[in-house]
Each structure stands twice: as C-alpha cells, then as structure tokens.
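Chemist: Just passing along the structure, written as structure tokens.
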Amino acid sequence: MTLKIGRGAAAPPFLVMDVIAAANARQAALPPGGPKVIRMEVGQPGTGAPAGALAAARAALGSGDPLGYTEAFGRRSLRERIAAHYRDWYDLAVPVDRVAVTVGASGGFPLAFLAAFDPGDRVALAAPFYPPYVNILSALGMTPVALEVGPETRFQPNVAALDRLDPPPDGLIVASPCNPAGTMLHLDELTEIAAWCDRRGVRLISDEIYHGLHYDSPIATAAALSPHAVVVNSFSKYFSMTGWRIGWLLLPEDLVRPVECLAQNLFISAPHISQIAAEAAFECGVELEGNVARYRRSRDLLLRELPRAGFDRLSPAEGAFYLFADITERSNDSVAFCARMLAEVGVAATPGVDFDRTRGNRFVRFSYCGPEGDMAEAAERLRGWR
Ligand SMILES: Cc1ncc(COP(=O)(O)O)c(C=O)c1O
C-alpha cells in the first residue's frame, strides 16, 4: 500500500546546504596547517551574539527563572524595545501591539503568508530571490509569481514590471537589501511600490532582515509607507544571532489577531532565553556597528578586486553581505563552476541556481560575512584562476 505524501514533501532542497557540505569535505581533506577553504558560501555572520546579549542570557540562566513559554507574541519588554527601535532608526511611532516576536524571520513567513493569503493565491516576487520565499509559498499551496529582474533595475522589482502582471497578484514580497544581490529599493522606489500595492489591494510583505547592514543609501521601512504592509525582521543578521532563532513581525491592524492565533498554534512562543538576549542586543550598538564597518570594507575590497579576477559583472550591492556575479562569459553551469572553484583554489561560493531557476546557471553568489583577511585572500586566489 502506498500512503499519500503531502505537497510540502515536494519542497526542493536549499542547495547552499550542499555547497556547505562540499566545502566542509574539502577542508577535511586538506592537510592540517595548510591553506584553508575560504567560506564565501555561507550567509551568516561569523561573529556570534554581541557580548551584552550573551551576558543577559547567562544572567537569566543563573537567575532561577524557569524560562517557560512566553505569550505567543513574546515578552512585553522585548516588544516595547522593538517598537522603540522604530522610533530610533526610522523616526516612526509603532504601537507595541503590532509587534510579534517570532522564531526568526523564517518563523514569521508562514505566519504572514497563512494570515494574508489563501491556497491558490498568487504572490509576486523578484527573481533572483531568497529560495525559502518560493518554497514556503509552494508548500502552503500558494503560487509564487517570479518577476525576472536584472542589473537594469538593480535586481529589484518596480511598478512597471508589476503593472505587466495580468491578472494582478494577491501579494508581493520585497526585500531590501536583498539576498542574493545585496541591492536595495530606495525610499522613492519602495514608496511607489507600496502605493501601487495599496491602490490594487495587493498585500505587501517587506523582508527587512538586512536593515542595519547598508552602506551607501538610507533604509526605508514599509511600515512607514503603507498601513497594510507586513514587515519581517530578525536578530540573525545585523544583531548577529542566527542560531538563537529569533525575529519579529510588524503587523497591520487587520492581521494582528489572526497572526496571534496562528502563532499560538504553530509555535506557542519564540525561545524565551533568546528573547532575553535579543532585548539586550539593542544596547550593543558599538560592537554591532564594528561588524557593519568590517562588512563595508570587505564589500569595497571585493567590488574593487573581483573585477580584476574576471568577475566584472557584479550586482551594485549596497547592503547585506552578498555580491551576485554574472559569470555568463565564463560558464553556463554555475554548479560545475563553483565545484571547480572550490576544488582548484579552495574558494566556496553558491551557484545562482538556488536563487533563480531559469537564469541561475549563469550567476554565482559571493558572501563576504567571513573574516576580512579571508576576503582579501579570496580575491588574491581568484586573480590567478581561470
Ligand atoms: C532574505 C532573508 N530572509 C530571511 C532569512 C532567514 O532568517 P532567520 O535566520 O531570521 O530565519 C534569511 C537568511 O539568510 C534571508 O537571507
């Protein structure tokens, strides 16, 4: 007898995990003390949680607090601190009741999608994209609609591309700075998109996880531009707390109660200890800005040096810690290209196929969140490689 398997089982792998495994295997095969594999495939800060967050977590562990479930939307004090963050960074007053603490941005996506959309709904997003957007939507029975964008719009969607969608979508996901291109939607562009969504009754979901990691232009939050937008954010990137699995949603009024009910059922609450650490992380600005300065230097170095190594078609990255390289002139098979780069010069990067199913064979994503010295070394190794 064959039992039924649900559509969620069709979710494709997140291929970067395979690249990580290959880089680990390559490192293990190298002689100890010799040159190491340079990790430019991973998208997580190597720095760990800031010292103040660690101290708060240690104190909580020693306090006798049982650290049980919190309310589904999180500890009140953390929600208040997140609301204050909008005042500090964006000069925006945010009602605490609209802040929902989640299990990372990843935990926020199914909550937002389930509350905002029905199975069969069409949700637009730019391609290249962060793969889980598409994989989660598909697992939930929604239809992702990829808008193929390129360097002419800095790999971001615009109103002209949205206007061409017939029928119009039910939702739109944007990310600025985005993964994998590291490019941004500037205030005027996001304003236009938010207004377009509001005019058409399209629910805007804005992934703002890379806010804080922006180097040239100011960031804009969709929360200031539309009363209907859902903002997704996280402590994983700027706050350097990936494994603590903590993030937040900023919800429009009509989705507060639906998301609360979903969160109670799906997650109960985000990890309590992480909520305490995250609240303290807001006071660690000096340490965190030190990380940002390092990323900025690495970005500048790679934008200068990678073209000398034959990667001369790079995304104009203004944020996050990624560069998306068009390798059309060098290869039509980014998986094989990355495998050869790893084998021959020990530089691990992610093939674009993860992010764009039709054109990703011609792109590679370089992540520069690793040690600064490694980035210079990678550029050096790649200069001598063809
Ligand atoms: C654009 C984007 N959104 C969301 C996430 C997931 O973040 P979290 O660790 O908060 O679940 C990532 C992780 O790389 C990402 O790049």
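The values are calculated or read from the model by the stated rules, or taken from the named source; none is laboratory data. Fair warning: this is a prediction, and the values are worked out from it, not measured in the lab. Don't worry about glycine lacking a Cβ; one is built from the backbone with ideal geometry, like all the others, and counts go over all protein chains shown. Accessible surface is based on the protein model in full, side chains and every heavy atom, while ligands, DNA and RNA are left aside. Shrake-Rupley method; radii C 1.70, N 1.55, O 1.52, S 1.80 Å.
Chemist: Restricting to region 334-367, and then to whatever is part of a helix (DSSP H, G or I) and small (G, A, S), can you tell me which residue is farthest from A146 (Cα to Cα)?
Modeler: A343
Chemist: For the structure I just gave you, tell me whether L125 is of a type outside the set (V, I, T), outside any strand (DSSP E or B) and either within 16 Å of the ligand (Cβ to nearest atom) or free of Cβ contacts under 8 Å to residues at least 40 places away in the same chain (or both).
Modeler: For L125, the condition - of a type outside the set (V, I, T), outside any strand (DSSP E or B) and either within 16 Å of the ligand (Cβ to nearest atom) or free of Cβ contacts under 8 Å to residues at least 40 places away in the same chain (or both) - is not met.
Chemist: Among the candidates V256, V286, which residue alone is part of a helix (DSSP H, G or I), without any contact (Cβ under 8 Å) to a residue 40 or more places away in the chain and over 20 Å from N179 (Cβ atoms)?
Modeler: V286
Chemist: Another question, if that's okay. Does R122 qualify as being within 20 Å of P168 (Cα to Cα) and open to solvent by 10 Å² or more (accessible area, probe 1.4 Å)?
Modeler: The answer is yes for R122.
Chemist: Would you please list the contacts, defined by Cβ atoms under 8 Å and residues six or more apart or on different chains, that run from a residue in region 84-99 that is in contact (Cβ under 8 Å) with a residue 24 or more places away in the chain to a residue that is loosely packed, with under 13 Cβ neighbours inside 10 Å?
Modeler: Y86/A93; V94/R87; R98/E253
Chemist: Looking at R199, R203, which one is open to solvent by 10 Å² or more (accessible area, probe 1.4 Å), in contact with a helix residue (DSSP H, G or I) (Cβ under 8 Å, 6 or more places away or on another chain) and away from the ligand (no atom under 15 Å from the Cβ)?
Modeler: R203
Chemist: May I ask you to list the residues in region 301-334 that are touching a residue at least 60 places away in the same chain (Cβ under 8 Å) and open to solvent by 30 Å² or more (accessible area, probe 1.4 Å)?
Modeler: Across region 301-334, the qualifying residues are L301, R308, R313, P316.
Chemist: Hey, another quick one. Please determine, by comparing only the residues of region 215-234 that are among the polar types (S, T, N, Q) and in a strand (DSSP E or B), which one is farthest from the ligand (Cβ to nearest atom).
Modeler: N233
Chemist: Within region 235-251, which residues are assigned to a helix (DSSP H, G or I) and either of a type in the set (S, T, Y) or more than 10 Å from the ligand (Cβ to nearest atom) (or both)?
Modeler: Scanning region 235-251 gives a single hit, T242.
Chemist: So, one more: Being among the polar types (S, T, N, Q) and either crowded, with 17+ Cβ neighbours inside 10 Å or touching a residue at least 12 places away in the same chain (Cβ under 8 Å) (or both) is the filter here, so list the residues in region 259-283 that pass it.
Modeler: Result: Q264, S269, S274, Q275.
Chemist: When you go through A115, A139, A124, A161 one by one, which is the residue that is farther than 17 Å from D198 by Cα and in contact with a strand residue (DSSP E or B) (Cβ under 9 Å, 6 or more places away or on another chain)?
Modeler: None of the others qualify; the one that does is A115.
Chemist: If I filter region 346-358 for residues that are modelled with pLDDT under 95 and in contact with a Leu (Cβ under 6 Å, 6 or more places away or on another chain), do I get at least one hit?
Modeler: Scanning region 346-358, I find at least one residue that is modelled with pLDDT under 95 and in contact with a Leu (Cβ under 6 Å, 6 or more places away or on another chain), so the answer is yes.
Chemist: Looking only at region 171-201, how many residues end up being under 22 Å from the mean Cα position of the chain (by Cα) and assigned to a loop (DSSP other than H, G, I, E, B)?
Modeler: 11
Chemist: Evaluate region 149-172: report whether one residue or more is within 16 Å of the ligand (Cβ to nearest atom), among the hydroxyl-bearing types (S, T, Y) and open to solvent by 10 Å² or more (accessible area, probe 1.4 Å).
Modeler: No - not one qualifying residue is present in region 149-172.
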